[in-house]
Structure formats: C-alpha cells, structure tokens
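One structure below.
The values are calculated or read from the model by the stated rules, or taken from the named source; none is laboratory data. Model, not experiment: these values are computed from the prediction. Cβ placement follows ideal geometry from the backbone for every residue including glycine, while neighbour counts extend to all protein chains displayed. Note: areas computed on protein heavy atoms with side chains; ligands, DNA, RNA excluded. Shrake-Rupley method; radii C 1.70, N 1.55, O 1.52, S 1.80 Å.
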Amino acid sequence: MQGAMAAPALAPVTRQVSSRAAPALVPSGPESVLPLAAAVAELPVLDASGRRVQFGTLFRERRAVVIFVRHFLCYICKEYVEDLAKIPKSFLQEANVALIVIGQSSYHHIEPFCKLTGYSHEIYVDPEREIYKRLGMKRGEEIASSGQSPHIKSNILSGSIWSLWRAVTGPLFDFQGDPVQQGGTFILGTGDNIHFIYRDRNQLDHKPINSVLQLVGVQHVDFTSRSSVIHV
C-alpha cells in the first residue's frame, strides 16, 4: 500500500547465491561490502538519446538495484522487465533506492523496448558489453536448474518464435545484442560499494524480484496481475 513504511533492509550480501536457495547473509560493516573498481565505474553507458553517462554516477549518491538483461529481443527479459515496470516509484522513493535496467543493444532500441514493456524506471545500454565483461557476466548457456520463475508467462517455443518474429520484422535484422550474453543483478552504492551480486547462468535464470527488493528495504510487490501470454 502506498505510503506504508518500507520493510527494514537485510544485511548486505557479497557473494552469489542460488536462485532457489535463501540469500546467504553476512554481518554488516566495512567487511561486508566489496569495492567496485574505478575502471569499471568510469565506463560509459548510453541513455535513450545516446548521451554518455559514467556508470558509477548512477549510484554514487544512492543505492541502486541494477539489472543487466540478456538482450531486448529476449522474451524472458521482456516478461521480467514487464514485472519490473509494476514496481511503484513511490516504493523506491520511500527506500531511497533506484531501479536501473541495462541492456547491450544500440540506444535506439531503448524507447521501443520501454513502450513494449511499460517500463518507466531508469534504463541504459552498454553496447560494447564492457561492463558486462568487467563484472564477470557469462556468455553461453550453463546447464543448471533454475526452478519455476514467477515472472515468465510464455513457454519456450512461443516465446522464441515471438523473439525471432520481432527480429525479422524490424527495420534491420537485429537481435538487439549478443544473443548468448547472460545478464545479472547487482545492488550497488552509495559510492563504489557492491552489496549483492547474482550472475545469471542461462536464459531462464534470474533472481525473483521481490527477493532483491527485500534486501534494499523496498515493499513487497504483487506481480499476480499478469499481462497476456505471448501468442504468435
């Protein structure tokens, strides 16, 4: 409910955890965070107008949940971001937390992707995938069970056909990023602090959104109001 007090934040997490297991917590304090290398903080991302922004400035003065998606044609990323779009801005403001999505396409694809998903929070792209590489996100599919995602509505067949259809019917045949690049979820800031790292292992693997929001003291969000399943 808007205006309610945000849930208390849990202790920071500094190591990757299984998407199915409960997050491993460590004691609060200077030893519980990892530093982000200055060379990574200085790398640029691009906004929807093509303006270059230093990555580190996105969370220098605030904490941020930063979600790197695979590519904008990925139906799983689309449906995950559709649920991110349901997080009320008031919930984030109450916890003084930013929500940021980063893709790896050309910046020209940002606006259409936002219209498609209804996403209105912050979004940037890293078209050279330099930040993806420096933060250790994988390329290729690791064989691992990720469990049933609460955020994915379409099955693999219909979703994959829909992604291919969008690629071939676009102005250019463009997968809007490296199709084998995996993403990840990070909690960053303030400053150069890294509080949480999760690197996706395959296209079906990602952190449930509410489990991440809980770590930064953002209220639980009801994602049961579903958009339509993809039909092709």
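Quick look at the numbers
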| read-out | value |
| --- | --- |
| Count - residues of the range 130-164 that are modelled with pLDDT of 65 or more, farther than 19 Å from residue 51 by Cβ and not polar (S, T, N, Q) | 15 |
| Count - residues of the range 93-106 that are touching a strand residue (DSSP E or B) at 6+ places or on another chain (Cβ under 9 Å), open to solvent by 10 Å² or more (accessible area, probe 1.4 Å) and at pLDDT 95 or above | 3 |
| Matching entry among 4, 22 (being out of contact with any strand residue (DSSP E or B) (no Cβ under 8 Å at 6 or more places or on another chain), open to solvent by less than 50 Å² (accessible area, probe 1.4 Å) and modelled with pLDDT under 80) | 4 |
| Top-ranked residue of the range 30-79 - restricted to ones that are of a type in the set (Ser, Thr, Tyr) and modelled with pLDDT of 95 or more, ranked as nearest to residue 106 (Cα to Cα) | 49 |
